[in-house]
Amino acid sequence: MAEGLLMTDLLLTIKIGINPELGHLGGLLLTWHGIFIALGIGLGVWIGVWFARKAGFTEDDAYTIALIGVPAGIIGARALFVLWAVLVECGQWLHKITPCGVAQNSSNTAVLAR
């Protein structure tokens, strides 16, 4: 194997020569993943409205559901991400304190209430 390369460097990475940042729009940083997320949400809403019309619902009802569903999905995804980080990556629950919000192990436990 080449000098200084690890097996993880060879197997677990994909190098893409495209800058992930597209530029700035006022104070916003435009990135590729943000653009594709926005396109996916827009396309999902458009297809949902199309199916709703075919099922006999009005466009207004479909857009109302999307207006509630899209933010609820974003908030739910973020809540699941945070819950996963607390439960799995830190390995404990909220009765112990560390930099990530819970104890790293039982040897550095802090008692909150006496």
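The table for this structure:
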| read-out | value |
| --- | --- |
| Residue list for the stretch 40-80, filter: in a loop (DSSP other than H, G, I, E, B) and under 14 Å from the mean Cα position of the chain (by Cα) | none |
| Inter-residue pairs, beta-carbon under 7 Å, first at pLDDT 95 or above and surrounded by 11 or more Cβ atoms within 10 Å (Cβ to Cβ) and in the stretch 31-49, second in a helix (DSSP H, G or I) and of a type in the set (Gly, Ala, Ser), 6+ apart | 45/66; 48/62; 48/66; 49/62 |
| Test: residue 4 is out of contact with any strand residue (DSSP E or B) (no Cβ under 8 Å at 6 or more places or on another chain), surrounded by fewer than 10 Cβ atoms within 10 Å (Cβ to Cβ), at pLDDT 90 or above and at positive phi | no |
| Residues located in the stretch 11-39, provided they are assigned to a helix (DSSP H, G or I) and within 23 Å of residue 70 (Cβ to Cβ) | 32, 33, 34, 35, 36, 37, 38, 39 |
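The values are calculated or read from the model by the stated rules, or taken from the named source; none is laboratory data. Values in this document were obtained by computation on a predicted structure and should not be read as measured data. As a convention, Cβ positions derive from the backbone with ideal geometry for all residues, glycine included, and neighbour counts pool all protein chains shown.
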